[in-house]
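Right, one structure below, let's go through it.
The values are calculated or read from the model by the stated rules, or taken from the named source; none is laboratory data. The structure presented is a predicted model; accordingly, all values stated were derived computationally and were not measured. In this analysis, Cβ positions are derived from the backbone assuming ideal geometry, glycine residues included, and neighbour counts consider all displayed protein chains.
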Amino acid sequence: MREPLLRASVGGFLLSSSSTALQFLISMLLARGLGASRYGAYAYAVSWTVVLGVLGDFGLGRLLVRNIASYHARGEWALLRGQLIWAIVIALVASTCTGLAALLMIPLNGLLRGSQAAT
């Protein structure tokens, strides 16, 4: 039991570390290639993507991992199926609302930038 856990832990650590290093490398290359102004616009867009992604997730990831494991262990297949259907519906509704909110922010963002340029 101890060896597979240790192997999985080391593998997870290596995957997370390499992902972070790759993100850093890509950020450095983009910053040098795009310049300060264009990289700032890129970072702004990525930040909004992350914020909207968190809102669109609606916290279902952790809930599903915990509940699916529990339902599977107890053999409650109807509850598992219902949980998955419920999660898909909630994810679609939350993502649609988040996308609509993002679309509504586009004209507002243009208005705010126009008012900043005028001052």
Checklist entry - Before we move on, is Ala69 assigned to a helix (DSSP H, G or I) and touching a helix residue (DSSP H, G or I) at 6+ places or on another chain (Cβ under 8 Å)? => result no
Checklist entry - Which residue pairs have Cβ atoms under 9 Å apart, sit 6 or more places apart or on different chains, and have a first residue in segment 48-61 that is closer than 13 Å to Ala102 by Cα and at pLDDT below 80 and a second that is in a helix (DSSP H, G or I) and aliphatic (A, V, I, L, M)? => result Leu52/Ala101; Leu52/Ala102; Leu55/Ala94; Leu55/Ala101; Gly56/Ala91; Gly56/Ala94
Checklist entry - So how many residues does segment 47-64 have that are assigned to a helix (DSSP H, G or I) and within 16 Å of Ile90 (Cα to Cα)? => result 11
Checklist entry - So is Arg32 modelled with pLDDT of 90 or more, basic (Lys, Arg) and assigned to a helix (DSSP H, G or I) or not? => result yes
Item to check | Close pairs (6 angstrom Cβ cut-off, 6 or more residues apart or separate chains): part of a helix (DSSP H, G or I) in segment 91-119, small (Gly, Ala, Ser) and modelled with pLDDT of 80 or more anywhere | outcome: none
